[in-house]
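Q: First, the structure itself, so that you have it in front of you.
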Amino acid sequence: MAVILSKPHLRFSHQVCYNRRLRYTAGSSQYKRRPSSSSPLFSKMSGNTCGKLVIGYWSDNESLSYKKIPFEYLTHISYAFGTFGADYKLQFGKDSLEGLTQCAHAYFTKVIFSIGGWGGSKYFSPMVADSAARARFVNNCLDIVEKYCIDGIDLDWEYPGRFGNADTIFDPVNDTPNLLLLLQELRAALPAEKEISLAVRVAPFDGSNGPLSDVSQFADYIDRLNIMVYDMSGPSWSPKTASSAPMRDARSAMSAFEAWTSAGIPVTKLCLGVPFYGYAWILLDGDSPSTNGISNDYVQGVAPGETVYPDSWDFRDLVAQGILAGPKYDQATAPWRRGYDNFTKTAYLWNRLTKQFITYDDPTSLEAKVNYAKSIGSAGMMFWELKCDDQTNWPLLNSLQSIRYDDEA
């Protein structure tokens, strides 16, 4: 059952903040720091939760103002993204980060500064390979933590040791050990209360022969890994229809938790990442797609989408265009038909006239994934991204809330 939280009346300025300066020099094992002043904000802030975490990414663009974010639904909000080029200097929207932090802290929601992303991971590999570059990167992170009073750093490197975006540089042998060095240095520099997280794929980090069987050392330097269990399939890269975010399958939520825990990361440091969007295919014929894992139907081409990518649909657009209806958005208007694949725990839509097929997550599928994340003792839920939800009543975000409370509460 979804839980709607009441809004606190307290307000804090972002100026109520610790004041700590640290500096790291390449080749040095010591960080110099100025003592911090006490802060009522940071002594009280616990991510506005009495249970697990709900972490949402907010992209710094005009589609959703930070002033309209329902912070009461979030324990953490991740600013997306800070990026950097060959000079390793972080670039980001300074005014929006400042405003986001001020608003979030008024609700005791923690702000995490996320760096990288699919289009911003090009220079991670050469940066972590150079001690002086790592030092500059660490100090840039420290400057941002101090100046903007943020609560942690999230590295979304897609992907260490593996090909990602077209121009991303990677080193299959050295990326993973070099990432560990960066995390060691970042953890030593940050104040103890500041968090470090990584956005990761469903398989552990790569070595020279593929995913490593032991990454347990990473657990000492991170607060959590946010596993991106989405984009597992899509019409631009998959020959058959399939759930883009399956709970069970060869690459899925279940396989991801099994892989990371087997490789030495405690389940209590793993968050299940889910999408607030879906993908659309055009099939070869007009027959209804199968529901056995929704993965048996050959694709003719990419179906038109409504948002950034030509084949993607934000959940909000499915609602806004009247395709989805009902109090739980589990009904579709003709000529669309809504179905639910019980194997992958994902919803889908089918239009026989246009041969369009859309797979996506809805409140029903997300509740199933929340129940799974609770049952295994995970750290909580993460999602991409806030703007994709229907902003009239936030049904997807609301469906994640039960992760934060004991069943008997």
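The values are calculated or read from the model by the stated rules, or taken from the named source; none is laboratory data. Computed from a predicted model, the values in this text were never measured in an experiment. As a convention, Cβ positions derive from the backbone with ideal geometry for all residues, glycine included, and neighbour counts pool all protein chains shown.
Q: Can you tell which of Ala80, Ala86 is over 19 Å from the mean Cα position of the chain (by Cα), outside any helix (DSSP H, G or I) and aliphatic (A, V, I, L, M)?
A: None of the other options fit; the residue is Ala86.
Q: Can you list the helices (runs of 4 or more DSSP H) found entirely within segment 97-214 that contain at least 1 residues being crowded, with 20+ Cβ neighbours inside 10 Å and in contact with a Pro (Cβ under 6 Å, 6 or more places away or on another chain)?
A: Where helices (runs of 4 or more DSSP H) fall fully within segment 97-214 and carry at least 1 residues being crowded, with 20+ Cβ neighbours inside 10 Å and in contact with a Pro (Cβ under 6 Å, 6 or more places away or on another chain), they are 175-189.
Q: Can you tell me which residue among Ala303, Ala320 is modelled with pLDDT under 95 and of a type outside the set (Asp, Glu)?
A: Answer to the check: Ala303.
Q: While we're on this one: Among Ala259, Ala242, which is the only one that is among the aliphatic types (A, V, I, L, M) and over 19 Å from the mean Cα position of the chain (by Cα)?
A: Ala242
Q: Another question, if that's okay. Would you check if Ile403 is assigned to a strand (DSSP E or B) and either under 24 Å from the mean Cα position of the chain (by Cα) or closer than 17 Å to Phe257 by Cβ (or both)?
A: So Ile403 fails the test.
Q: Restricting to segment 339-348, name every residue that is assigned to a strand (DSSP E or B) and surrounded by fewer than 22 Cβ atoms within 10 Å (Cβ to Cβ).
A: Result: Gly339, Tyr340.
Q: Any chance segment 205-217 includes a residue that's hydroxyl-bearing (Ser, Thr, Tyr) and in contact with a helix residue (DSSP H, G or I) (Cβ under 7 Å, 6 or more places away or on another chain)?
A: Scanning segment 205-217 turns up no residue that is hydroxyl-bearing (Ser, Thr, Tyr) and in contact with a helix residue (DSSP H, G or I) (Cβ under 7 Å, 6 or more places away or on another chain).
Q: Now, a different point. Taking only segment 223-262 into account, find how many residues are touching a helix residue (DSSP H, G or I) at 6+ places or on another chain (Cβ under 6 Å) and under 16 Å from Asn342 (Cα atoms).
A: Here the count works out to 2.
Q: So which pairs qualify, if the first residue must be in segment 125-138 and under 17 Å from Phe170 (Cα atoms) and in contact (Cβ under 8 Å) with a residue 60 or more places away in the chain, the second must be among the aliphatic types (A, V, I, L, M) and not in a loop (DSSP other than H, G, I, E, B), the Cβ gap must be under 7 Å, and the two must be at least 6 apart or on different chains?
A: Partner pairs satisfying both residue conditions: Arg134/Met127; Arg134/Val128; Arg134/Leu181; Arg134/Leu182.
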